[in-house]
Amino acid sequence: MAQSGMKRETSSLGNVAAAVPPRALPEKDLLQNRTTSYTLTQFITSTTEGDQQLALLMNAVQHACKVCANAIKKAGPCDLYGLAGSANSTGDDVKKLDIIANTVWVDCMKSSGVCCLLVSEEEEEPIVIEDADKRGPFAVAFDPLDGSSNVDCNVSVGSIFSVYRRLSPDDGPATVKDILRPGSECIAAGYSMFGAATELVITYGAGVFRFALDPAIGEFVFVEEMKMPKNGGKKIFSCNEGNAHSWDKPIQDFVSECKQSGYSARYVGSMVSDVHRTLLYGGVFLYPADKKSKKGKLRVLYEGFPMAMITEQAGGVASTGMYLGKIGRVLDVMPEQIHDRCPIIMGGARDVERVLNLYKNVD
């Protein structure tokens, strides 16, 4: 039942209804709000349309996010800041929290009993679930702790994931071909952000839904259906200008135009944070290919695809820019190996189209 005085809002999925408070609740109403709020568990149950295995997977995802949030919150007192003294599969220095987050995600996905293959940024090779009694139809790729280089200075970080349904026969172990597929074949994607609040954003390909963790009850509660501002939103560009000397000229020209036309520069250095802000406020996030990194720096399976799927479902545009000789959609990229990379230009159509037009006008 909706709380008295609160309006009902129905999502594009049709069967998702949430009580959305029109203003901050006074303290006396907090208890009632917690008992009437629409939780992520309810959302999963009502939107997986009887697919028990998908419901189990999404509940495993939310559990992993809660455990990671707890570890990050206690990182300082528990001496979890700093490097672990090794590098991951893509050559990045590994933090202690990288290892913890990876262990949490791998264990949660395995224990769900519905995964057949896992790809993690922290693992050199894919993890294949061999036991027929402990596997299911899903291949999941994830970055357990995106932006971990920022975690020691208490800047927002997050987890990102994408989900595929296997294509190979289910009477044997999955193969890497079950996940080396275009992002357009993802059936679900999402990210969790660990900052001033812990949030989880997910899509099944029919809208984007935002939840916030209420630590008092240990539940993610519905916040809103996310939609990018139709007019492009705030004039914000987000990129690492330290790489400007290596960019293609169209990217350099676009950033120069932004600076001359009243745009603000905002760059956190955690993809989760920068994309989350772009989705909510508008503008554009760029991590293009350059002379040093011909394919860009962001990984396709567990950074590019999930964020592109979410951006498009929220009404935005996700492009590779000029990549492998053509301008393309991120979700149409075909990964060649599990840690493959691709360039990223994503945000509102107003700004992404400006970048792409600069490429098209190059002689």
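For this structure, a couple of remarks:
- Failed item, numbered, when residue 281 is tested on (1) touching a residue at least 60 places away in the same chain (Cβ under 8 Å); (2) closer than 30 Å to residue 34 by Cβ: (1)
- Cross-chain or 6+ apart pairs with Cβ under 7 Å, the stretch 217-232 first and farther than 13 Å from residue 284 by Cα and touching a residue at least 60 places away in the same chain (Cβ under 8 Å), then surrounded by 15 or more Cβ atoms within 10 Å (Cβ to Cβ) and among the acidic types (Asp, Glu): 221/214
- Residue in the stretch 129-147 that is open to solvent by 10 Å² or more (accessible area, probe 1.4 Å), closer than 24 Å to residue 298 by Cβ and among the β-branched types (Val, Ile, Thr) present: no
- Candidates are the residues of the stretch 262-292 that are open to solvent by 20 Å² or more (accessible area, probe 1.4 Å) and touching a Lys or Arg at 6+ places or on another chain (Cβ under 7 Å); the one that is nearest to residue 238 (Cα to Cα) is 266.
- Residue satisfying all of: in the stretch 192-205; in contact with a helix residue (DSSP H, G or I) (Cβ under 6 Å, 6 or more places away or on another chain) and among the aliphatic types (A, V, I, L, M); least open to solvent (accessible area, probe 1.4 Å) among these: 200
- Of the strands (runs of 3 or more DSSP E) lying entirely inside the stretch 175-288, those carrying at least 1 residues that are under 30 Å from residue 130 (Cβ atoms) are 188-194, 198-203.
The rows are residues; the columns are (1) under 30 Å from residue 199 (Cα atoms); (2) modelled with pLDDT under 95.
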{"residue": "235", "(1), (2)": "yes, no"}
{"residue": "253", "(1), (2)": "no, no"}
{"residue": "263", "(1), (2)": "yes, no"}
{"residue": "267", "(1), (2)": "yes, no"}
{"residue": "270", "(1), (2)": "yes, yes"}
{"residue": "275", "(1), (2)": "yes, no"}
{"residue": "280", "(1), (2)": "yes, no"}
{"residue": "283", "(1), (2)": "yes, no"}
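- Scanning the stretch 106-128 for residues that are more than 14 Å from residue 60 (Cα to Cα) and open to solvent by 20 Å² or more (accessible area, probe 1.4 Å), we see that the one that is nearest to the chain's Cα centre (by Cα) is 122.
- Contact annotation: no residue pair with Cβ atoms under 6 Å, 6 or more positions apart or on different chains, pairs a residue in the stretch 160-184 that is over 25 Å from residue 122 (Cβ atoms) with a partner that is among the basic types (Lys, Arg).
- Verdict on residue 215 being open to solvent by 20 Å² or more (accessible area, probe 1.4 Å) and at pLDDT 95 or above: no
- Residue within the stretch 93-102 that is surrounded by fewer than 15 Cβ atoms within 10 Å (Cβ to Cβ) and modelled with pLDDT under 95 present: yes
- Residues of the stretch 163-196 classified as over 16 Å from the mean Cα position of the chain (by Cα) and among the hydrophobic types (A, V, I, L, M, F, W, C), total: 6
- Boolean, residue 208 is crowded, with 19+ Cβ neighbours inside 10 Å and not charged (D, E, K, R): yes
- Residue list for the stretch 306-337, restricted to those being open to solvent by less than 10 Å² (accessible area, probe 1.4 Å), farther than 18 Å from residue 253 by Cα and more than 17 Å from the chain's Cα centre (by Cα): 335
- Selected residue [of a type in the set (A, V, I, L, M) and touching a Gly at 6+ places or on another chain (Cβ under 7 Å)] from 217, 202, 179: 202
The values are calculated or read from the model by the stated rules, or taken from the named source; none is laboratory data. Just so we're clear, the structure is a prediction, and the values are computed from it rather than from any experiment. All Cβ positions, even for glycine, are placed from backbone atoms using ideal geometry, and neighbour counts span all protein chains on display. Heads up: the accessible areas ignore ligands, DNA and RNA and are worked out on the full protein's heavy atoms, side chains in. Shrake-Rupley method; radii C 1.70, N 1.55, O 1.52, S 1.80 Å.
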